Amino acid sequence: MHTKKTRWLVVVAALVLAAVLAGQGVVQVRQAREKNELTEELRHAEQGLSRLEAEQSPFDRTEMNERLSDALAHFDTARIDLSQLTDSIIANKAFFDLAAESGVTLTEITASAESSAKLGEVTLAVLPFTIGAEGEVSQLLNFVEVLNTDLANGVVTAAKLTVPGTTGERLPSASIELAIYVYRGG
């Protein structure tokens, strides 16, 4: 009975990992396509500005410079959004790897909106995650510890362990709040 349950958990974990990896591939293709489109749009804007700059009046140059600034701002915003998706996918893979090492099953991974935090003079992006896991109590405690020590840029900010009554079939579970810190440069 325990072997069938273990096989089932392994199959579910493998399916979830396959879904995450497939999702990562889709996001990377989407990122590459959007990056190419934005790069092409920026190139066209710069070419148009170069051609018109010599023959346009100062008023028209100002308008073109504003358009170029808008396009650059759009490009920077898209780049940050895409890098956040990539960071989230990489973090999810790390969570699955650490869960497998600890012998727990992930039941939930939720990423919240990116924020920022100052560390001395450096501003870092903060990617908050909520992670749900099931397993034996010792495995869950080990998973929380591993998340806090093995993720060089991650910090467990809260962890809640739930142990069901002895008559229930449900496994003990943990709800873990985690922050991943990322330096974006600049």
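The values are calculated or read from the model by the stated rules, or taken from the named source; none is laboratory data. Remember, it's a predicted structure, so these values are computed and weren't measured experimentally. Heads up, the Cβs are rebuilt from the backbone with ideal geometry, glycines too, and the neighbour counts pull from every protein chain shown.
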Within the bounds of region 11-23, is there any residue that is of a type outside the set (A, V, I, L, M, F, W, C) and modelled with pLDDT under 75? yes
Selected residue (criterion: modelled with the lowest pLDDT) from residues of region 150-186 that are assigned to a loop (DSSP other than H, G, I, E, B), hydrophobic (A, V, I, L, M, F, W, C) and surrounded by 17 or more Cβ atoms within 10 Å (Cβ to Cβ): Leu151
Would you check which residues across region 116-143 are of a type in the set (A, V, I, L, M) and closer than 23 Å to Glu101 by Cβ and list them? Leu127, Ile131, Ala133, Val137, Leu140, Leu141
All but one of (1) under 30 Å from Pro128 (Cβ atoms); (2) at pLDDT 75 or above hold for Thr62; which doesn't? (1)
Qualifying residue in region 105-122 (condition: surrounded by 13 or more Cβ atoms within 10 Å (Cβ to Cβ), in contact with a helix residue (DSSP H, G or I) (Cβ under 9 Å, 6 or more places away or on another chain), at pLDDT 75 or above and farther than 30 Å from Asn36 by Cβ): yes
Somewhere in region 73-90, is a residue over 21 Å from the mean Cα position of the chain (by Cα) and either modelled with pLDDT of 60 or more or part of a helix (DSSP H, G or I) (or both)? yes
Got at least one residue in region 129-149 being assigned to a loop (DSSP other than H, G, I, E, B) and under 19 Å from the mean Cα position of the chain (by Cα)? no
